[in-house]
1. Being aromatic (F, W, Y) and over 21 Å from C:Q403 (Cα atoms) is the filter here, so list the residues in segment A:113-165 that pass it.
2. Restricting attention to segment D:354-366, report how many residues are in a helix (DSSP H, G or I) and in contact with a helix residue (DSSP H, G or I) (Cβ under 6 Å, 6 or more places away or on another chain).
3. For segment B:159-170, state whether one or more residues are under 28 Å from D:V400 (Cβ atoms), touching a strand residue (DSSP E or B) at 6+ places or on another chain (Cβ under 8 Å) and in a strand (DSSP E or B).
4. Restricting to segment A:132-154, count the residues that are touching a His at 6+ places or on another chain (Cβ under 9 Å) and within 14 Å of chain D (Cβ to nearest Cβ).
5. Every residue in segment B:162-173 that is of a type outside the set (A, V, I, L, M, F, W, C) and crowded, with 24+ Cβ neighbours inside 10 Å, please.
6. Looking at segment C:198-220 only, could you name the residues that are part of a loop (DSSP other than H, G, I, E, B) and within 16 Å of ligand 3 (Cβ to nearest atom)?
7. Could you tell me whether any residue of segment D:387-407 is part of a loop (DSSP other than H, G, I, E, B) and among the charged types (D, E, K, R)?
Amino acid sequence: MAKKTYAFAVLEGVAQEMRKNPTLCFCYQFETPVARLPGGEILDLAKEFGTPRTSGRWGWPIDEAWYAGWAAGMAMTGCPAIARIPYQAAIFPAEFVLHQIAKLRSMTGGQANLPLVLWIGGAGRRMGMAGQHTDVGEEAFYAYLPGLKVVAPSNAYDAKGLMIAAIRDPDPVVFRDYAEVRAGQQPDVPDEAYEVPIGKAAVRQPGKDLTLVAWAPATVDVAQALPRIAQAGISAEYIDPRTIKPLDVETLAASVKKTGRLLVVDHGNHTNGFGSHVVAEMAQKVPGAKVARIAFPDAPGPGAKSMISWMRPDAPKIVDAAQKLMRL
Amino acid sequence: MAKKTYAFAVLEGVAQEMRKNPTLCFCYQFETPVARLPGGEILDLAKEFGTPRTSGRWGWPIDEAWYAGWAAGMAMTGCPAIARIPYQAAIFPAEFVLHQIAKLRSMTGGQANLPLVLWIGGAGRRMGMAGQHTDVGEEAFYAYLPGLKVVAPSNAYDAKGLMIAAIRDPDPVVFRDYAEVRAGQQPDVPDEAYEVPIGKAAVRQPGKDLTLVAWAPATVDVAQALPRIAQAGISAEYIDPRTIKPLDVETLAASVKKTGRLLVVDHGNHTNGFGSHVVAEMAQKVPGAKVARIAFPDAPGPGAKSMISWMRPDAPKIVDAAQKLMRL
Amino acid sequence: MSTIDRRTLLRTLGSAGATAAFVSPSTAQTGGKTITLAAAGPGANPRYVPADDLKFLPPQKIPAGRAADVFAAVPRQKLLVTYERMVKSRKWETRMKDLFLDRSQGLYGAFHIYVGQEAIANGVVAALNDDDYIVSTHRGHGHLVAKGGDLDKMSAEIFFKETGANHGYGGSMHMVEMDKGILGMNGIVGASFYIAAGAAYSALVRKTKQVAVAFAGDGAANSVYYFSAVRNSAMYKLPAIFVIENNFQQQGVPMATVTPTRQISDYTKGLGVPSVTVDGNDVASMYTATHQAVERARAGEGPSVIEAITFRWYDHAGVAGAKAGADGAFGLEYRSDEAVRQWIARDPIARFRTFLLERKLASDSELAAIDAGAQRAVDSSIEFARRSPDPRPEDGLKNVYAQGSVAPTQFFGAMAPETN
Amino acid sequence: MSTIDRRTLLRTLGSAGATAAFVSPSTAQTGGKTITLAAAGPGANPRYVPADDLKFLPPQKIPAGRAADVFAAVPRQKLLVTYERMVKSRKWETRMKDLFLDRSQGLYGAFHIYVGQEAIANGVVAALNDDDYIVSTHRGHGHLVAKGGDLDKMSAEIFFKETGANHGYGGSMHMVEMDKGILGMNGIVGASFYIAAGAAYSALVRKTKQVAVAFAGDGAANSVYYFSAVRNSAMYKLPAIFVIENNFQQQGVPMATVTPTRQISDYTKGLGVPSVTVDGNDVASMYTATHQAVERARAGEGPSVIEAITFRWYDHAGVAGAKAGADGAFGLEYRSDEAVRQWIARDPIARFRTFLLERKLASDSELAAIDAGAQRAVDSSIEFARRSPDPRPEDGLKNVYAQGSVAPTQFFGAMAPETN
Ligand SMILES: Cc1ncc(C[n+]2csc(CCOP(=O)(O)OP(=O)(O)O)c2C)c(N)n1
Ligand SMILES: Cc1ncc(C[n+]2csc(CCOP(=O)(O)OP(=O)(O)O)c2C)c(N)n1
Ligand SMILES: [Mg+2]
Ligand SMILES: [Mg+2]
């Protein structure tokens, strides 16, 4: 058990599985899989496993749909694969995932196995990058695809555990990897391999007045909002679904049933973001509950700090929303 | 005013706009733009406009992302464009649409104009095709993208009017074109050019007990269900949003406020289909309303008739759902 | 280097076509005979008219030459198996075509007939080992039969039965037999390239010396996945072979109207990947070209492209223009009946049969016995299919994931009425 | 045809590099001099080590030859404008680099420095008309300045001000000036190919004889959009020019480790598209190669590919390894400092300056005056930026569509607190 960066924790999980399984392979582009601990320990997967099991010291060409195609052909023929897609290209493999990776098991009546992980970066609502480099929420698209599982960890512990669970899972799993989550405060991460079960939400804080739901980058703002919500006299039950698909509807519904109120905080876009689905599920499962959501507006994230920081569903807005929801 | 096939109606709309605007261009693959009326009238856009304004008699190569790229470059430089994407390739242009077509106006601070239409086919939940050829609901993905508008007509009249509105719109519009809608019963279609306004839902049938919402292919089943729902003594207000984005939330909310009950019928997948968003919007706008949805399960459509017809949210299931919703 | 037109080439050099290549920096490396073809290729022809495809007819017989000799030297037993599979494939599809034409049979779903192209699948597979991989297309029945696919399972799948190759989930366009190295047919144009390249990479990791073949059409060569798959395979020297079956047709779109080069094999020349164009109705040429590509692949030298010139006898999908008991589909507006007739006259099976007889590799009665056996196998596969049960409706919720079923959200409250 | 290695070629033939091409079926058509380069190309080198890029250094002077003569014959005024823009581009980026290094300035966001590659943008644009189009990349400041971009707007955009090229929405990576034919920089690798091809098609429809140039990096050539865009441009004979700026680097990935061919221009040879590799630090060669491509494009003969060999002096993005007041970024782990030094010694601006002086096309004092004027323009653009206002927060909801604003759904009930 030690303090680890998010990057180290995930790569440690990957390395541990690659040591166990000699046909597990890992491809990436410019994100060479090297991580260091403050103590000096170095993980260098390119060095440890070499090519062809990794993309080597330099990585692969800028052709991200190919990574998904590669992973599919690999997985179907006995080489489970991890394909890391840079965040700029989060949607490049979309077609191949929709029609091949997600569907092949069903179309073959269960015969095609696709044990693979699409490790897909997420940009985040940051200033200065603009439009193409400020996206959040592509998990909404991938979650729509039958045959996929989708996880979106919000800290290094979950990230390592979900990565290992994703690798061991017989089905294709999309692993969302958000910059803000990587940069955030991290809990201790065990040295040994462990799984965080796919499909289980984490109740981060018990409460009775309202259920607050957030995942991945939105958890950074929620963490800041929680003390202020408490100060405002509101007892929030805070749940991080961690797995986007299959969604842990039971845990969420039990909480909303108890509190009667749901507030979803979503850094994805408003229209048809994954938050829409969470709200819809709860509205149906818990009739009469008061449901609400704040989300990034239906706009690309502009570059100027003045604009994008106003648009971010940040801690003050979360606190404000919680208070308003209590008054409904 | 005449009986027209859906195909004829839409092509007539395209032809009328192409006659008015000498730089409006139209590309397609194997779906050569020819339509005939029973009376013998023939529309042949390839012949009438030739190349390079159309893809000609034979159409373009099987390279659908290119069509979107072409349309973007065209639209930015004074040639509004219509790019027809076959249903098998509905998601091929996804990356280019996400990062270029949908975002360029915002990223350029309003300077890039992209008056273009992505005319994207839809497969439908039909037997015998399986997996890759049974999709419905990609509008859920496109609606998620800020900067796009999305329409999904359910008959020839709306199709022609929405196509013309889409062509005239200064923003990029996704036009969904479902096989089952094309094959369905059609109302009369005026000969002249007209617009069906983007963003306006159609109240197809007034009612007071519940609000029934369906668009595009699901309207085929709803049409069969309506008389039986009436027979069951339920007064359903039936609304076809027609435009997926921007969604006509006012019309929908006014109805749900009145009836207190919402049933969304969706041929898309359950998880994060566009129906999720409709339910979420109404649950928030009309607190206390009873909201429900039936959707295609989170599975690729299997080939065998026995399986896929059982999975389809068809008329009997819609009637059953309406009755159960009334008892809630 | 000599410069002659394509037709003359195929006529006079015949099986040399197996190694015929346009200028390619790498041809020299493969040891293949380099022949430059002149402007007779079909690409980039804005004044294309359907009769154009008549210009590219192969000779009526498998011509004497290197490829014919190489193929004749293959063990007789293997040649007969190859012949048998070609015949099975032809008879199975022809019978299915008749069943589709007979409305009372109630067949439904996609159905893309491979008839006319059988020399490609069988010439290629004859050069493979059993554990090599193939990845197929929407038009792939023939690929499956060539790789030893089970006719019973195939027929049952066309009938969407529980006993089918895909247990009724897939139908004609998705049939699979993983344990025979058949990674499946595929309904998305271009998908086979990536899957095969991925499988080839897997062979590299597992150090098995397996080879992976992607079959694809002339239309698929314009998919963004094509150049990417070949380029990456070249980069990582993958044991992959890309077989482009150029049947001049992409649905109703003539190949020449969407191809900017004279030959599709030109696309990949710049990559230094051996890229040849061969007579796809000549099983000997297909075998020889593939054999060379396989050797290269197993030697760790990387991928190859083989463009096979051929023609499909039927419509793109379904049975329009076809008749029960007769070969070919006629009266289709995107091609001339004359072209269909001429290509039927170059039937790859008839050419192979003549070759076997002329080279005394088989007797007429031997071949007749194979023909009869193939017919029996086809007929009994259809009986098997008819006898088999339909999948249960609720099984549609299975096989989405490795375990369990998904929720039946088509019902209110996600429960079927009986259980609700 | 002669076979020599690349370095020797560039050294000895110099500007002939402008029309140097590897074997390409179409080279003959363009009338270009055909030269076969031997195995010295950087591609497909699994034993790549950073110092490899030293093998591809161009000569220190613009060599005598056809390209130099062609360029020298360009009207003097145009040459001086070209020189001025190169200098402006250099000084503007260098100043911005210093500002980014000075934390107290508060600059933020993406910043990809083009310094070292200026001969490419300016050689290309010198061969274009004002109404021709360019489409740029993340590393595109230099393309904009070359096309007459407004420094005030550019500086204000880097500062994310309302007066910026994109009114503060875009920043460094998205700057645009539609009315100068600048269809914008772009943050997605490969996007420029499609936008330029589409714009070229538009010129065809509007019969304007405009040409569209896509700038892109060596990395971008591996995007699926690349081959597709070139192939479709060849198919429809579009007036498009694809300029691949091969700076040997893709973020920290050396080009040779992901490129299977010797030259990137090889990729498109099979398409019959003239595809040449030229010395990208030689503005004369760039001009001459582009001029030829433009003539071809305007004549309706279709697209061309120009690979320009160059090197970027700074890190991929930002200012790591750079110092205020000094050229180049050092100590980066993916390249050698020696390579940076050697490439700086081939500074395209210094080469151009020497060329102008030696050919007596400008005097030292004339050029010094241009240098000084460029510095003043840079300085005043930064003052302009500083004086300009920030965009209003709520304007982030604008410009999503042509009209109106989208809802502020970040607030409960989609209303800002004040109005709620
Ligand atoms: C991406 C994609 N676009 C379009 C289609 C529709 N489609 C199915 S087969 C086909 C023609 C394919 O032509 P080719 O590759 O030459 O194969 P052939 O049918 O001739 O065997 C088309 C356009 C598809 N399945 N996938
Ligand atoms: C599709 C995509 N993948 C990855 C990235 C991240 N990225 C930005 S620039 C770059 C390197 C581009 O290299 P090259 O095309 O050679 O241009 P250069 O930076 O050398 O000018 C990468 C990988 C991106 N922007 N888009
Ligand atoms: Mg074909
Ligand atoms: Mg580069």
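1. Listed by number, the residues that qualify are A:W119, A:F141, A:Y157.
2. 0
3. Taking every residue of segment B:159-170 in turn, none turns out to be under 28 Å from D:V400 (Cβ atoms), touching a strand residue (DSSP E or B) at 6+ places or on another chain (Cβ under 8 Å) and in a strand (DSSP E or B).
4. 4
5. Within segment B:162-173, just B:P172 meets the criteria.
6. Those that are part of a loop (DSSP other than H, G, I, E, B) and within 16 Å of ligand 3 (Cβ to nearest atom): C:D218, C:G219.
7. yes
For (1) buried (at least 20 other Cβ atoms within 10 Å of the Cβ); (2) in a strand (DSSP E or B); (3) modelled with pLDDT of 95 or more; (4) within 16 Å of ligand 1 (Cβ to nearest atom), each residue gets a yes or a no:
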residue: C:S285; (1), (2), (3), (4): yes, no, yes, no
residue: C:E295; (1), (2), (3), (4): no, no, yes, no
residue: C:W313; (1), (2), (3), (4): yes, no, yes, yes
residue: C:A320; (1), (2), (3), (4): no, no, yes, yes
residue: C:A324; (1), (2), (3), (4): no, no, yes, no
residue: C:D327; (1), (2), (3), (4): no, no, yes, no
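The values are calculated or read from the model by the stated rules, or taken from the named source; none is laboratory data. Small disclaimer: the values here were computed from a predicted structure and weren't measured. Positions of Cβ are backbone-derived with ideal geometry, glycine not excepted, and every protein chain shown enters the neighbour counts.
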